[in-house]
Structures are given as C-alpha cells and as structure tokens.
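To start, the structure under review is shown below, and the notes come after it.
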Amino acid sequence: MAMSPGSSDRSADAATPGVAIQLNGVTKTFGSVTAVDGVDLSVTDGEFFSMLGPSGSGKTTVLRMIAGFEVPTAGTIRLDGEEVTHTPVHQRARMGIGRSYQVVKLFAGLTCGDAAELAIQRDRPVLDWIRPSARKEIRAAARELLAKHGLVEWERHETTVLAHGIQKRLEIALALANSSRLLLLDEPMAGLAAHERAELADLIRALAQERAVVFVEHDIDVVMALADRVTVLHNGRILAEGTPAEIRSNALVREAYLHREAVHA
C-alpha cells in the first residue's frame, strides 16, 4: 500500500481490521530536530515488513515509538486496533510486542536456561515462581523455547560468553517467550559472520510465518530476500513503499539510499 510522504489515507480515529500495528501521522521531534515527520504505516498479521533508509532517516525512532520507548510528539499508534500511543513499554510487551536490539542485551551471570525461565515466568503469578509444580512447568516451557530456536545445547552456558550469533538467537527467543505476535527486530544481522547471517535469516523467515515482523536492517540483500513489503525513510519521511522489486527499481530510492550505500561500501 503505497503512500505519499507525510500523507494519510486513513482517519486518525479509525482502526483497520487485520492490522497488527498501525501508525497514523506519527511525528517525533527532539528540540528543534524532527526525527520522524508525519509517518503513516501499517503492518498486517503475518506480514514481514522492513524499513530501509540512510543513517539518521528515522528508522530506529519509529521502532522505539512502536515499542513504547519514545512517545510521539503527534499522531497515533494502534496495536490490534487498540490505541497505545501513550501506553508504557511493559504494558505493550504484555499486549504482544517482542523486541530485539542493535546491541544484544542479556543478563550477565545467567545461563541460557536461566534466562529462558526468567522470560517464561514473567507473566505468571508470583507464587508460581516458587511453587514446585509450577517451577517444573516453567522449566519445561523454557527448555521447549530453547529447543524451538535451536539453543538446547547451550542451555547450561552463561549468556554473555556465547558467540555473538548465538546471543542474537537467544535474544529473539526471549522476546518471543510469551507468544509475542508482533516482533520488532533492530538490525539483527549487525556484527554477524556470513554463516551466522544465513542461519539467522532462516530463523527469522520461519518466525515471520507465525506473526507480524517489523525489521530494520542495513543489509539490503537480506531485506530484499526476506521482506514482503518495504518502506524507505528519508529525513524522517516516507520516500517510497512497495515490494522489494518495486523498491529496487525506484529511482528516488536509488538516489537517496541505494546509491549512497554503494558509494560507502
């Protein structure tokens, strides 16, 4: 669904059925700097959606506003049709938003198994954290989570000594521990070796079949191979939106982003 920069084809008060996340006229200013300027976008259930753009184009700021780490200066954000523009981060997490970060954030001193159990027990009653039968259920669910993401062999390994690619996979697993239906990925391929990138791409492709994914990544080839739809941001506004093939052939995109990346490669 292509949109002209800064325009809105929907009422700011209307939710669209089947849409996991919807932004209407979202703007974010920091003092005199406008980081995001009137962005409209939506991601449907089960869609793999990616944002591209040069550094400073507003991609991560949009991601932070969806997750709740930044509050828009103007505009609205809806999750499953419910407005969450001012909803705190922890409440959005309970509503089904999971997120990974540019820099992996894991608890030092915990094993992968410990971290998985901590993530699983987040939404359980406090008494379940100490009740023997409930603890057994949490432990089993944590092991199942690790198995689903190919991490069982590292169950007893301390998280911060793992290879970077394994840490990335663990972080994504923890983000999905409570069946998050919207997954936000902020440059997940950053710092990975070629084989790690391929493995993570396969994992993300599988995850995208079960939930909406919003994917910010500088690796254009990865985006073009994985995304169903791509939005390109430039100076905080939407420059273009379409399929990967449409984005590759867009003259404005080549001028503003693809050409610049080639020059600096």
Contact list please: Cβ distance under 6 Å, first residue in region 20-35 and more than 15 Å from Ile66 (Cα to Cα), second residue open to solvent by 10 Å² or more (accessible area, probe 1.4 Å) and of a type in the set (Val, Ile, Thr), pairs at least six apart or on different chains.
Thr29/Thr73
Output for region 221-238, where each listed residue is modelled with pLDDT under 90 and open to solvent by 30 Å² or more (accessible area, probe 1.4 Å)
Asp221, Ala225
Do we find that Glu199 is touching a helix residue (DSSP H, G or I) at 6+ places or on another chain (Cβ under 9 Å), open to solvent by 60 Å² or more (accessible area, probe 1.4 Å) and without any contact (Cβ under 8 Å) to a residue 24 or more places away in the chain in this structure?
no
Matching residues, region 160-188, being in contact with a Ser or Thr (Cβ under 7 Å, 6 or more places away or on another chain) and farther than 23 Å from Ile220 by Cα
Leu170, Ala175
Looking at (1) open to solvent by 20 Å² or more (accessible area, probe 1.4 Å); (2) in contact (Cβ under 8 Å) with a residue 24 or more places away in the chain, find the lone condition where Arg135 falls short.
(2)
When the residues of region 121-130 are narrowed to those that are open to solvent by less than 100 Å² (accessible area, probe 1.4 Å) and in a loop (DSSP other than H, G, I, E, B), which ends up nearest to Arg94 (Cα to Cα)?
Arg124
Residues of region 168-196 classified as closer than 21 Å to Leu146 by Cβ and open to solvent by 30 Å² or more (accessible area, probe 1.4 Å), total:
7
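The values are calculated or read from the model by the stated rules, or taken from the named source; none is laboratory data. Keep in mind that what you see is a predicted model, and the values were worked out from it rather than measured. Quick reminder, even Gly has a Cβ in these numbers, built from the backbone with ideal geometry, and neighbours come from all protein chains shown. These area figures cover heavy atoms from the full protein model, side chains too; ligands, DNA and RNA do not enter into them. Shrake-Rupley method; radii C 1.70, N 1.55, O 1.52, S 1.80 Å.
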